[in-house]
Amino acid sequence: MKNFSLARPSSGNGANSLGKTPAKGTGRFDWWLFTITLVILGIGLVMVLSASGIRAEEHAGDKYYFFKRQLAFAAAGGITLWAAALIPREWLYKLQYPAVFATLLLMLVTLSPLVPAINGAKRWIPLGPVSLQPMEFVKIALVLYLAYFMSAKQDLIKTFSRGVIPPFAVTGLFCALLLLQPDFGSAVILAGLLFFMCIAGGTRFIYIFFSIILACAGAMALAIASPYRVRRLLAFLDPFQDFQNTGYQLAQSLLAIGSGSFFGQGVGASKQKMFFLPETHTDFIMSVLAEEMGFVGLSLVMALFALLFWRCYRIVMSQTNLRDRLTAFGLTAIPGIGAAVNLSVVMGMAPPKGVPMPLISYGGSSLVATMICIGLLMNYSRTSSR
(Lines give C-alpha, C1' and ligand atoms only; values in the text may rest on other atoms or scores of the structure.)
Protein backbone atom coordinates (compact mmCIF):
# COMPACT_ATOMS: atom_id res chain seq x y z
CA MET A 1 0.00 0.00 0.00
CA LYS A 2 1.36 3.40 -0.99
CA ASN A 3 1.78 6.22 1.49
CA PHE A 4 -0.17 9.44 1.23
CA SER A 5 2.47 12.07 0.55
CA LEU A 6 2.28 15.75 -0.30
CA ALA A 7 5.61 15.26 -2.05
CA ARG A 8 3.88 13.25 -4.76
CA PRO A 9 3.13 15.60 -7.67
CA SER A 10 -0.53 16.09 -8.42
CA SER A 11 -1.99 15.21 -11.81
CA GLY A 12 -2.89 17.73 -14.45
CA ASN A 13 -1.28 21.12 -14.97
CA GLY A 14 1.70 21.62 -12.69
CA ALA A 15 2.27 17.89 -12.22
CA ASN A 16 6.01 18.46 -12.23
CA SER A 17 5.90 21.80 -10.48
CA LEU A 18 6.85 20.73 -6.96
CA GLY A 19 10.33 22.14 -7.38
CA LYS A 20 12.78 23.53 -4.84
CA THR A 21 12.59 27.22 -5.71
CA PRO A 22 10.45 29.05 -3.12
CA ALA A 23 7.50 30.84 -4.68
CA LYS A 24 7.10 34.58 -4.23
CA GLY A 25 3.86 35.98 -2.83
CA THR A 26 2.33 38.09 -5.57
CA GLY A 27 -1.36 37.15 -5.46
CA ARG A 28 -4.24 38.15 -3.21
CA PHE A 29 -4.72 37.10 0.39
CA ASP A 30 -7.36 34.52 1.27
CA TRP A 31 -9.82 36.94 2.88
CA TRP A 32 -12.22 34.09 3.65
CA LEU A 33 -9.60 32.57 5.93
CA PHE A 34 -9.08 35.93 7.63
CA THR A 35 -12.83 36.53 8.07
CA ILE A 36 -13.52 33.07 9.51
CA THR A 37 -10.60 33.53 11.91
CA LEU A 38 -12.05 36.85 13.11
CA VAL A 39 -15.51 35.30 13.65
CA ILE A 40 -14.08 32.42 15.73
CA LEU A 41 -11.90 34.86 17.66
CA GLY A 42 -14.97 37.03 18.36
CA ILE A 43 -16.84 34.01 19.73
CA GLY A 44 -13.80 33.19 21.84
CA LEU A 45 -13.71 36.68 23.34
CA VAL A 46 -17.42 36.47 24.22
CA MET A 47 -16.89 33.08 25.85
CA VAL A 48 -13.82 34.26 27.80
CA LEU A 49 -15.92 37.17 29.11
CA SER A 50 -18.73 34.82 30.06
CA ALA A 51 -16.64 31.98 31.51
CA SER A 52 -14.08 34.01 33.44
CA GLY A 53 -16.10 36.73 35.17
CA ILE A 54 -16.65 34.91 38.48
CA ARG A 55 -13.05 33.75 38.78
CA ALA A 56 -11.67 37.11 37.63
CA GLU A 57 -13.60 38.91 40.37
CA GLU A 58 -12.25 36.49 42.96
CA HIS A 59 -8.70 36.63 41.56
CA ALA A 60 -8.31 40.35 40.82
CA GLY A 61 -11.47 42.06 42.08
CA ASP A 62 -12.41 42.89 38.47
CA LYS A 63 -14.79 40.63 36.58
CA TYR A 64 -13.38 41.91 33.29
CA TYR A 65 -9.76 41.14 34.24
CA PHE A 66 -9.23 38.08 32.01
CA PHE A 67 -11.38 39.53 29.24
CA LYS A 68 -9.32 42.74 29.05
CA ARG A 69 -6.12 40.72 28.98
CA GLN A 70 -7.49 38.52 26.23
CA LEU A 71 -8.37 41.64 24.23
CA ALA A 72 -4.76 42.78 24.58
CA PHE A 73 -3.54 39.33 23.52
CA ALA A 74 -5.86 39.47 20.49
CA ALA A 75 -4.43 42.86 19.52
CA ALA A 76 -0.89 41.49 19.81
CA GLY A 77 -1.99 38.45 17.82
CA GLY A 78 -3.40 40.69 15.10
CA ILE A 79 -0.05 42.47 14.76
CA THR A 80 1.86 39.18 14.55
CA LEU A 81 -0.70 37.80 12.07
CA TRP A 82 -0.06 40.63 9.63
CA ALA A 83 3.68 40.50 10.20
CA ALA A 84 3.58 36.78 9.32
CA ALA A 85 1.35 37.44 6.30
CA LEU A 86 3.75 40.04 4.91
CA ILE A 87 7.13 38.50 5.74
CA PRO A 88 9.14 37.69 2.58
CA ARG A 89 9.28 33.92 2.07
CA GLU A 90 13.07 33.90 1.76
CA TRP A 91 13.33 35.51 5.21
CA LEU A 92 11.01 32.92 6.71
CA TYR A 93 13.06 30.09 5.21
CA LYS A 94 16.19 31.28 6.95
CA LEU A 95 14.58 30.82 10.36
CA GLN A 96 14.31 27.02 10.64
CA TYR A 97 17.49 26.55 12.69
CA PRO A 98 17.42 29.86 14.64
CA ALA A 99 13.79 29.14 15.60
CA VAL A 100 14.66 25.62 16.80
CA PHE A 101 17.62 26.84 18.87
CA ALA A 102 15.68 29.81 20.31
CA THR A 103 12.73 27.68 21.41
CA LEU A 104 15.10 25.02 22.75
CA LEU A 105 16.77 27.68 24.89
CA LEU A 106 13.38 28.87 26.16
CA MET A 107 12.44 25.28 27.06
CA LEU A 108 15.67 24.96 29.06
CA VAL A 109 14.87 28.22 30.84
CA THR A 110 11.52 26.82 32.00
CA LEU A 111 13.39 23.99 33.74
CA SER A 112 15.84 26.33 35.47
CA PRO A 113 15.56 27.57 39.08
CA LEU A 114 14.66 31.00 37.66
CA VAL A 115 11.15 29.80 36.77
CA PRO A 116 8.69 29.00 39.56
CA ALA A 117 6.47 25.93 39.42
CA ILE A 118 2.75 26.57 38.92
CA ASN A 119 0.40 23.74 39.92
CA GLY A 120 3.39 21.42 40.06
CA ALA A 121 4.58 22.19 36.50
CA LYS A 122 7.20 24.51 35.05
CA ARG A 123 5.73 25.53 31.70
CA TRP A 124 5.59 29.33 31.82
CA ILE A 125 8.31 32.00 31.87
CA PRO A 126 7.15 35.09 33.80
CA LEU A 127 7.76 38.32 31.86
CA GLY A 128 6.39 41.09 34.05
CA PRO A 129 2.59 41.22 33.76
CA VAL A 130 2.44 38.28 31.31
CA SER A 131 3.82 34.76 31.09
CA LEU A 132 5.32 33.08 28.03
CA GLN A 133 4.62 29.42 27.31
CA PRO A 134 7.46 28.33 24.97
CA MET A 135 5.67 25.13 23.92
CA GLU A 136 3.24 27.11 21.74
CA PHE A 137 6.15 28.43 19.67
CA VAL A 138 8.05 25.14 19.68
CA LYS A 139 5.30 23.77 17.43
CA ILE A 140 5.89 26.46 14.79
CA ALA A 141 9.69 26.05 14.98
CA LEU A 142 9.35 22.27 14.63
CA VAL A 143 7.11 22.61 11.56
CA LEU A 144 9.58 25.00 9.90
CA TYR A 145 12.42 22.55 10.54
CA LEU A 146 10.53 19.41 9.48
CA ALA A 147 9.22 21.04 6.28
CA TYR A 148 12.76 22.17 5.41
CA PHE A 149 14.27 18.76 6.15
CA MET A 150 11.65 16.74 4.27
CA SER A 151 11.67 18.98 1.21
CA ALA A 152 15.47 19.33 0.99
CA LYS A 153 16.18 15.64 1.73
CA GLN A 154 13.67 13.96 -0.57
CA ASP A 155 16.38 11.70 -1.95
CA LEU A 156 17.20 10.51 1.60
CA ILE A 157 13.77 10.64 3.29
CA LYS A 158 13.15 6.92 2.78
CA THR A 159 16.43 5.90 4.40
CA PHE A 160 16.59 5.26 8.13
CA SER A 161 19.95 6.70 9.21
CA ARG A 162 19.75 10.01 7.34
CA GLY A 163 16.04 10.39 6.60
CA VAL A 164 14.40 9.24 9.85
CA ILE A 165 16.82 9.67 12.76
CA PRO A 166 17.40 13.49 12.47
CA PRO A 167 13.74 14.62 12.59
CA PHE A 168 12.89 12.00 15.21
CA ALA A 169 15.88 13.06 17.33
CA VAL A 170 14.94 16.76 17.24
CA THR A 171 11.29 16.03 18.07
CA GLY A 172 12.33 13.54 20.76
CA LEU A 173 14.56 16.14 22.42
CA PHE A 174 11.67 18.59 22.73
CA CYS A 175 9.36 15.82 23.96
CA ALA A 176 11.89 14.85 26.64
CA LEU A 177 12.07 18.45 27.87
CA LEU A 178 8.26 18.60 27.97
CA LEU A 179 8.10 15.42 30.03
CA LEU A 180 10.51 17.00 32.52
CA GLN A 181 8.19 20.00 33.06
CA PRO A 182 6.03 17.73 33.22
CA ASP A 183 3.69 18.22 30.24
CA PHE A 184 2.70 14.85 28.84
CA GLY A 185 -0.11 16.29 26.72
CA SER A 186 2.15 18.70 24.83
CA ALA A 187 4.64 15.90 24.16
CA VAL A 188 1.77 13.96 22.56
CA ILE A 189 0.98 17.01 20.40
CA LEU A 190 4.58 17.22 19.13
CA ALA A 191 4.60 13.49 18.42
CA GLY A 192 1.37 13.96 16.46
CA LEU A 193 2.92 16.77 14.43
CA LEU A 194 5.91 14.58 13.60
CA PHE A 195 3.59 11.72 12.61
CA PHE A 196 1.57 13.83 10.16
CA MET A 197 4.64 15.57 8.74
CA CYS A 198 6.28 12.18 8.14
CA ILE A 199 3.23 10.94 6.29
CA ALA A 200 3.04 14.12 4.19
CA GLY A 201 6.80 14.14 3.58
CA GLY A 202 6.96 10.59 2.25
CA THR A 203 8.63 8.69 5.11
CA ARG A 204 8.33 4.93 4.69
CA PHE A 205 5.26 3.51 6.39
CA ILE A 206 7.28 0.75 8.10
CA TYR A 207 9.35 3.36 9.97
CA ILE A 208 6.23 5.26 11.03
CA PHE A 209 4.56 2.02 12.16
CA PHE A 210 7.44 0.94 14.40
CA SER A 211 7.83 4.46 15.80
CA ILE A 212 4.15 4.42 16.83
CA ILE A 213 4.67 1.08 18.60
CA LEU A 214 7.71 2.44 20.45
CA ALA A 215 5.88 5.66 21.37
CA CYS A 216 2.88 3.74 22.71
CA ALA A 217 5.18 1.44 24.71
CA GLY A 218 6.96 4.47 26.18
CA ALA A 219 3.66 6.13 27.05
CA MET A 220 2.45 2.96 28.79
CA ALA A 221 5.72 2.72 30.73
CA LEU A 222 5.37 6.32 31.90
CA ALA A 223 1.77 5.69 32.94
CA ILE A 224 2.62 2.52 34.83
CA ALA A 225 5.58 4.20 36.54
CA SER A 226 3.32 6.96 37.88
CA PRO A 227 0.29 5.89 39.94
CA TYR A 228 -1.21 9.36 39.39
CA ARG A 229 -1.24 8.88 35.61
CA VAL A 230 -2.86 5.46 36.05
CA ARG A 231 -5.59 6.99 38.21
CA ARG A 232 -6.19 9.73 35.64
CA LEU A 233 -6.45 7.12 32.87
CA LEU A 234 -8.95 5.08 34.88
CA ALA A 235 -10.88 8.27 35.68
CA PHE A 236 -11.07 9.05 31.96
CA LEU A 237 -12.62 5.64 31.31
CA ASP A 238 -15.26 6.18 34.02
CA PRO A 239 -15.08 9.67 35.55
CA PHE A 240 -18.17 9.21 37.72
CA GLN A 241 -16.62 6.26 39.54
CA ASP A 242 -14.23 8.67 41.31
CA PHE A 243 -16.38 11.76 40.99
CA GLN A 244 -14.88 13.69 43.93
CA ASN A 245 -11.24 13.06 43.04
CA THR A 246 -9.51 12.19 39.74
CA GLY A 247 -12.75 12.10 37.74
CA TYR A 248 -14.07 15.43 39.05
CA GLN A 249 -12.99 17.72 36.19
CA LEU A 250 -14.18 15.46 33.38
CA ALA A 251 -17.42 14.64 35.18
CA GLN A 252 -18.19 18.35 35.61
CA SER A 253 -17.38 18.91 31.94
CA LEU A 254 -19.84 16.20 30.88
CA LEU A 255 -22.48 17.65 33.20
CA ALA A 256 -21.99 21.07 31.59
CA ILE A 257 -22.31 19.68 28.08
CA GLY A 258 -25.37 17.62 29.00
CA SER A 259 -27.17 20.49 30.71
CA GLY A 260 -26.78 22.62 27.58
CA SER A 261 -29.24 20.38 25.75
CA PHE A 262 -30.23 21.58 22.26
CA PHE A 263 -30.37 25.37 22.50
CA GLY A 264 -28.32 25.95 25.67
CA GLN A 265 -28.93 27.86 28.89
CA GLY A 266 -28.13 31.20 27.28
CA VAL A 267 -24.88 33.16 27.07
CA GLY A 268 -23.74 34.04 30.59
CA ALA A 269 -26.13 31.57 32.24
CA SER A 270 -23.71 28.69 32.87
CA LYS A 271 -23.98 27.10 36.32
CA GLN A 272 -20.84 24.96 36.05
CA LYS A 273 -18.62 28.05 35.88
CA MET A 274 -19.71 28.88 39.44
CA PHE A 275 -16.56 27.18 40.79
CA PHE A 276 -17.79 23.68 39.89
CA LEU A 277 -15.83 23.17 36.67
CA PRO A 278 -12.08 23.99 36.88
CA GLU A 279 -10.30 25.80 34.03
CA THR A 280 -13.57 27.22 32.70
CA HIS A 281 -11.95 29.98 30.63
CA THR A 282 -8.90 27.99 29.48
CA ASP A 283 -8.81 24.26 28.70
CA PHE A 284 -12.51 23.57 29.37
CA ILE A 285 -14.04 26.67 27.82
CA MET A 286 -15.81 24.51 25.21
CA SER A 287 -17.77 22.84 28.03
CA VAL A 288 -19.09 26.25 29.07
CA LEU A 289 -19.83 27.09 25.44
CA ALA A 290 -21.82 23.86 25.07
CA GLU A 291 -23.73 24.59 28.30
CA GLU A 292 -24.61 28.15 27.30
CA MET A 293 -25.12 27.73 23.55
CA GLY A 294 -26.23 24.11 23.43
CA PHE A 295 -25.86 21.61 20.63
CA VAL A 296 -26.80 24.24 18.04
CA GLY A 297 -24.14 26.69 19.18
CA LEU A 298 -21.45 24.04 19.51
CA SER A 299 -22.30 22.72 16.03
CA LEU A 300 -22.03 26.25 14.63
CA VAL A 301 -18.57 26.69 16.13
CA MET A 302 -17.50 23.30 14.77
CA ALA A 303 -18.81 24.27 11.34
CA LEU A 304 -16.72 27.45 11.49
CA PHE A 305 -13.62 25.42 12.33
CA ALA A 306 -14.45 23.04 9.46
CA LEU A 307 -14.61 26.03 7.08
CA LEU A 308 -11.34 27.35 8.50
CA PHE A 309 -9.53 24.07 7.89
CA TRP A 310 -11.11 23.72 4.44
CA ARG A 311 -9.63 27.08 3.44
CA CYS A 312 -6.29 25.95 4.90
CA TYR A 313 -6.51 22.69 2.92
CA ARG A 314 -7.09 24.63 -0.30
CA ILE A 315 -4.02 26.74 0.41
CA VAL A 316 -1.91 23.64 1.13
CA MET A 317 -2.92 21.79 -2.03
CA SER A 318 -2.53 24.86 -4.25
CA GLN A 319 1.17 25.30 -3.47
CA THR A 320 3.44 24.38 -6.38
CA ASN A 321 6.65 24.32 -4.32
CA LEU A 322 7.25 21.31 -2.08
CA ARG A 323 8.63 23.25 0.88
CA ASP A 324 5.74 25.71 0.67
CA ARG A 325 3.26 22.83 0.62
CA LEU A 326 4.81 20.96 3.55
CA THR A 327 5.15 24.12 5.67
CA ALA A 328 1.54 25.13 4.99
CA PHE A 329 0.43 21.60 5.86
CA GLY A 330 2.29 21.68 9.18
CA LEU A 331 0.92 25.12 10.05
CA THR A 332 -2.59 23.78 9.41
CA ALA A 333 -1.91 20.71 11.55
CA ILE A 334 -0.94 22.82 14.59
CA PRO A 335 -4.43 24.27 15.29
CA GLY A 336 -6.06 21.19 13.78
CA ILE A 337 -4.46 18.79 16.27
CA GLY A 338 -5.05 21.26 19.11
CA ALA A 339 -8.76 21.57 18.33
CA ALA A 340 -9.21 17.80 17.96
CA VAL A 341 -7.41 17.02 21.24
CA ASN A 342 -9.23 19.75 23.19
CA LEU A 343 -12.65 18.55 22.02
CA SER A 344 -11.71 14.93 22.73
CA VAL A 345 -10.81 15.86 26.30
CA VAL A 346 -13.88 17.97 27.14
CA MET A 347 -16.18 15.30 25.66
CA GLY A 348 -14.52 12.46 27.57
CA MET A 349 -12.93 10.79 24.55
CA ALA A 350 -9.34 11.28 25.82
CA PRO A 351 -7.67 11.83 29.21
CA PRO A 352 -7.25 15.48 30.30
CA LYS A 353 -4.11 16.91 28.66
CA GLY A 354 -4.16 20.65 29.30
CA VAL A 355 -4.49 21.63 25.62
CA PRO A 356 -6.28 24.95 24.89
CA MET A 357 -8.88 25.41 22.16
CA PRO A 358 -7.28 27.48 19.37
CA LEU A 359 -8.65 31.06 19.09
CA ILE A 360 -11.19 30.46 21.88
CA SER A 361 -9.41 29.53 25.12
CA TYR A 362 -7.89 32.26 27.28
CA GLY A 363 -4.12 32.54 26.97
CA GLY A 364 -1.71 34.88 25.25
CA SER A 365 0.91 32.40 24.05
CA SER A 366 -1.64 30.07 22.49
CA LEU A 367 -3.57 32.89 20.82
CA VAL A 368 -0.52 34.67 19.41
CA ALA A 369 1.02 31.40 18.15
CA THR A 370 -2.25 30.39 16.46
CA MET A 371 -2.55 33.78 14.76
CA ILE A 372 1.04 33.47 13.54
CA CYS A 373 0.01 30.19 11.90
CA ILE A 374 -3.02 31.86 10.28
CA GLY A 375 -0.85 34.79 9.14
CA LEU A 376 1.69 32.48 7.52
CA LEU A 377 -1.11 30.56 5.81
CA MET A 378 -2.41 33.87 4.45
CA ASN A 379 1.14 34.48 3.23
CA TYR A 380 1.00 31.15 1.38
CA SER A 381 -2.43 31.97 -0.04
CA ARG A 382 -0.71 34.64 -2.15
CA THR A 383 1.11 31.91 -4.08
CA SER A 384 -2.00 29.80 -4.57
CA SER A 385 -2.35 28.21 -8.00
CA ARG A 386 -6.16 28.25 -7.70
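The values are calculated or read from the model by the stated rules, or taken from the named source; none is laboratory data. Worth saying up front: this structure is predicted, and the values here are computed from it rather than measured. A quick note on method: Cβ atoms are made from the backbone with ideal geometry, for glycine too, and the neighbour counts reach across all protein chains shown.
Laid out as a table, the results:
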| item | result |
| --- | --- |
| Among the residues listed as 330, 348, the single one being at positive phi and either at pLDDT below 95 or in a helix (DSSP H, G or I) (or both) | 348 |
| Helices (runs of 4 or more DSSP H) wholly inside the stretch 200-308 containing at least 3 residues that are over 30 Å from residue 172 (Cβ atoms) | 248-260 |
| Within the stretch 268-291, considering residues that are charged (D, E, K, R) and touching an Asp or Glu at 6+ places or on another chain (Cβ under 9 Å), the one farthest from residue 258 (Cα to Cα) | 273 |
| Hits in the stretch 277-311 (condition: farther than 13 Å from residue 265 by Cβ and charged (D, E, K, R)) | 279, 283, 311 |
| The one condition in (1) without any contact (Cβ under 8 Å) to a residue 12 or more places away in the chain; (2) within 27 Å of residue 66 (Cα to Cα); (3) surrounded by 13 or more Cβ atoms within 10 Å (Cβ to Cβ) that residue 257 fails to fulfil | (1) |
| Residue list for the stretch 91-141, filter: among the hydrophobic types (A, V, I, L, M, F, W, C), surrounded by fewer than 16 Cβ atoms within 10 Å (Cβ to Cβ) and part of a strand (DSSP E or B) | 118, 121, 127, 130 |
| Which numbered condition residue 149 misses (of (1) over 20 Å from the mean Cα position of the chain (by Cα); (2) surrounded by 16 or more Cβ atoms within 10 Å (Cβ to Cβ); (3) within 25 Å of residue 40 (Cα to Cα)) | (3) |
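One line per residue, one yes/no per condition, for (1) in a helix (DSSP H, G or I); (2) modelled with pLDDT of 85 or more; (3) closer than 25 Å to residue 369 by Cβ:
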site	(1), (2), (3)
8	no, no, no
12	no, no, no
21	no, no, no
24	no, no, no
36	yes, yes, yes
54	yes, yes, no
